[in-house]
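Here the structure is laid out as structure tokens; the discussion comes afterwards.
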Amino acid sequence: MTLKADGVRPLVSMREITKKFGGVTALENVDLDAYAGEVLAIVGDNGAGKSTLIKVLTGVYQPTSGSITLDGAPLSMGSHSDAIAVGIDAVYQTLALADHLDPAANMFLGSELTKSFLGFKFLDNKRMRMEAERVLFERLGVRLKSMSVGTESLSGGQRQAVAIARAVYHADLRVLVMDEPTAALGPQETARTLTLIKTLRQQGLAIILISHSLDDVFAVSDRIQVMRRGRRAGVVQTASSSQQEVLGMIVGADAAAA
Ligand SMILES: Nc1ncnc2c1ncn2[C@@H]1O[C@H](COP(=O)(O)OP(=O)(O)OP(=O)(O)O)[C@@H](O)[C@H]1O
Ligand SMILES: [Mg+2]
């Protein structure tokens with residue numbers, strides 16, 4: 001186990017993770033440590049294994065070999081719901097929101113709040129809307145102009161906030177993975193999303209941020225894990241590194257020298 005300088009134990013650790021798809025080795029003996037209250041960025045070229053690594057972490061894929069621990073206890077996850085149950089969730093670039101439903105309906109999709117009246121169960125729309133509003137504001141610092149419109153009419157950044165609010169509301173979320181959260185956003189919305197990431201870090205979550213934007217990575221991350229061809233090429237402290245150094249690690253020493 002690699003302890004941080006202050007001796008704090010990682011919240012989640014992956015060890016020697018290998019993932020093969022038939023004859024393709026997507027990951028080979030990859031380690032990862034993420035700490036509570038930090039943003040760990042994962043960078044690497046297309047096909048380097050970033051998405052596969054976090055899909056293993058979020059229970060979507062089962063590793064061919066290797067182990068994962070949460071708070072030092074071994075995890076065995078057969079599905080994404082197993083990961084959610086222990087507080088590990090992900091928000092993907094292709095947001096799985098129902099466009100025609102309003103933010104609250106999206107947040108509570110599949111776990112709607114109900115109330116009973118004369119022995120019948122009804123959806124408690126009022127409470128869902130209030131809860132959605134509360135989580136968006138208290139946890140994410142986001143206030144939407146209207147809570148009663150379909151998410152299709154929201155901006156990309158607001159849609160993202162709704163997707164994150166859904167992850168934050170359910171279970172006792174401890175690890176949040178974000179795969180390319182700013183890829184489809186303009187500069188202003190990107191800035192808002194980066195602020196939101198910092199807000200969540202302050203709440204003690206471990207945030208794992210996959211990004212192709214080194215500007216974003218250097219703006220919000222504490223450490224950067226570089227993936228190259230299915231392996232971990234290295235990990236640096238953001239404050240004591242540079243975009244140039246990280247780029248060199250992404251392409252590899254040979255390519256950088258050429
Ligand atoms: N379901 C799959 N079946 C077969 N091969 C896969 C599958 N998923 C990923 N791979 C392969 O595994 C390798 C790693 O892919 P992965 O999607 O993890 O890369 P990535 O770093 O997320 O890339 P990008 O930056 O393009 O999103 C690639 O060679 C890819 O083709
Ligand atoms: Mg990917």
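Observations on the model:
- Taking A219, A105, A239 in turn, the Gaussian network model of the chain (Cα-Cα springs below 10 Å) assigns the largest fluctuation to A239.
- Protection-proxy order for peptides 115-121, 241-247, 43-49, each taking the mean of Cβ atoms within 10 Å per residue, highest first: 43-49, 241-247, 115-121
- For L154, residues with placed amide H under 5 Å, excluding near neighbours: none
- In region 1-76, a dipole from Cβ-located charges (positive for Lys and Arg, negative for Asp and Glu) runs towards its positive end, and of V12, A48, L70 it is A48 whose Cα lies farthest in that direction.
- In order along region 132-146, the Karplus-derived 3J(HN,Hα) couplings, from 6.51 cos²θ - 1.76 cosθ + 1.60 at θ = phi - 60°, round to 4, 4, 5, 5, 4, 7, 5, 8, 10, x, 10, 10, 8, 4, 9 Hz, and Gly and Pro are given as x.
- Antiparallel DSSP beta bridges within the chain, as percent of all bridges there, nearest 5: 60 percent
- Local electrostatic count at L32 - Lys and Arg +1, Asp and Glu -1, tallied over other residues with Cβ under 13 Å: +3
- Cross-link table K121/K145; K55/K198; K50/K198; K20/K50, entries beyond 20 Å C-alpha to C-alpha: K121/K145; K55/K198; K50/K198
- Protein-only accessible surface order, largest first, of H100, H80 at 1.4 Å: H100, H80
- Value at 222 nm in deg cm²/dmol, rounded to 500, when DSSP H runs of n ≥ 4 in the chain each add -39,500 (n - 2.57): -9500 deg cm²/dmol
- Here the calculated FRET efficiency for D215 and K121, from their Cβ-Cβ distance with R0 = 51 Å, stands at 0.55, rounded to the nearest 0.05.
- Among N106, G248, S153 the positive-end extreme of the charge dipole of the chain (Cβ point charges): N106
- In terms of its C-alpha gyration tensor, region 63-194 comes out oblate, because a/c is 1.5 or above while a/b does not outweigh b/c.
- For the chain, the normalised intensity computed at q = 0.13 Å⁻¹ comes to -0.85 (log10 of I(q)/I(0), Debye sum over alpha carbons, equal scatterers, no solvent).
- Cβ-derived FRET efficiency at R0 35 Å, L113 paired with E16, nearest 0.05: 0.25
- A simple spin-label model places pseudo-atoms 7 Å from Cα toward Cβ; at D45 and E138 they are separated by 4.7 nm.
- GNM top mover of K126, K20, K145 - the chain, alpha-carbon springs below 10 Å: K145
The values are calculated or read from the model by the stated rules, or taken from the named source; none is laboratory data. This structure is a prediction, so every number in the text was calculated from the model and none was measured. Note that each Cβ is placed from the backbone with ideal geometry, even for glycine, and that neighbours are counted across all protein chains shown. Heavy atoms of the whole protein, side chains included, go into the accessibility calculation; ligands, DNA and RNA do not. Shrake-Rupley method; radii C 1.70, N 1.55, O 1.52, S 1.80 Å.
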